[in-house]
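Read through the structure below, which is laid out as structure tokens, and then see the notes.
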Amino acid sequence: MTATLTGTTVQERNKQIALDCAAAWNRWDVDGVIAHWSPDVRHFSEDRQVDTEQMIAAMRGGLAAFPDLHLDVRSAVAEGDRVILRISVTATHLGDFFGKAPTGKKVRWFMLEELRFDDAGRITEHYDVFNYLPMLKELGFVDRAPGADNSRYQAGRETIAVRHGCLTP
């Protein structure tokens, strides 16, 4: 039996909150996303725990580099206290990104978000996985040729590894 909240299941409520977060991104409203976090939210990116302040800085930095960023939620699945979103992102590179000056190029990348909710509908855990490879190719960080070795590239002063299309320092 599924619990209900005035005619809505907990899963439906949580899915709507997750979609509200995506809508806040599409308004470029970082605070609108943060409003759904519990005070003790834990963040994980590529399975590494990320401090909340670092997560907020990364979010604001992403919007600075791609101020017209748009999330297209391709699917949303809710089960128990979790919601998973499959997202396609489009944006224009209009600000510094890993030391690369703005190119004005339109880019695209893909991501998965897993959100865990408490009983009050606040996000207590946030996991994300990005496939930046299409965007990195478009911006010239990696070779676009088929079969090119793009396992490492220079971004500013540090070398970044690309594994399965994801960035890892």
Practice item. Rounded, prolate or oblate: pick one for segment 1-78, where a ≥ b ≥ c are the square roots of the eigenvalues of its C-alpha gyration tensor, a/c under 1.5 means rounded, and failing that, prolate if a/b is larger than b/c, else oblate. Key: prolate
Exercise for review: Please calculate the 1.4 Å probe accessible area of residue 34, with all protein chains present, and give it to the nearest 10 Å².
Suggested key: 40 Å²
Practice item. Quick one: order 43, 70 from most to least accessible surface, probe 1.4 Å. Key: 70, 43
Review point. Once the whole set of protein chains is in place, how much accessible area is left on residue 25, using a 1.4 Å probe, in Å² to the nearest 10?
Key: 50 Å²
Review point. Can you tell which of 33, 52, 69 lies farthest toward the positive end of the dipole of segment 26-86, using +1 and -1 charges on the Cβ of basic and acidic side chains (Lys, Arg; Asp, Glu)?
Key: 69
Exercise for review: Could you list the residues of segment 93-115 with an amide nitrogen less than 14 Å from a label point located 7 Å from the Cα of residue 77 in the Cα-to-C-beta direction?
Suggested key: 112-115
**Study point:** Taking segment 28-155 and dividing mean pair separation by its residue count, relative contact order in percent (alpha carbons under 8 Å, at least six apart)
**Key:** 22 percent
**Study point:** Set of aspartates and glutamates near residue 100 by C-alpha distance (under 19 Å), chain-local residues within fewer than 8 positions excluded
**Key:** 68, 138, 143, 158
Check your understanding: Taking θ as phi - 60°, what are the ³J(HN,Hα) couplings along segment 81-90 by the Karplus curve (6.51, -1.76, 1.60), each to the nearest whole Hz, with x for Gly and Pro?
Key -> 9, 10, 10, 10, 10, 9, 10, 10, 10, 10
**Study point:** Sequence-distant aspartates and glutamates (8 or more away, or on other chains) whose Cα lies within less than 14 Å of residue 137
**Key:** 149
Review point. Which ³J(HN,Hα) values, rounded to whole Hz and listed in residue order, are derived for segment 19-25 from phi using the Karplus coefficients 6.51, -1.76 and 1.60 in 6.51 cos²θ - 1.76 cosθ + 1.60 with θ = phi - 60°, glycine and proline given as x?
Key: 5, 5, 5, 4, 5, 4, 4
Practice item. Just flag the trypsin sites (Lys or Arg not before Pro) in segment 1-105 sitting in loop per DSSP whose Cβ has no more than 14 other Cβ atoms within 10 Å. Key: 27, 105
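The values are calculated or read from the model by the stated rules, or taken from the named source; none is laboratory data. Treat the numbers as computed from the prediction; the structure is a model and nothing was measured. Backbone-built Cβ (ideal geometry, glycine too); neighbour counts: all protein chains shown. The area values use the complete protein model at the heavy-atom level, side chains included, leaving out ligands, DNA and RNA. Shrake-Rupley method; radii C 1.70, N 1.55, O 1.52, S 1.80 Å.
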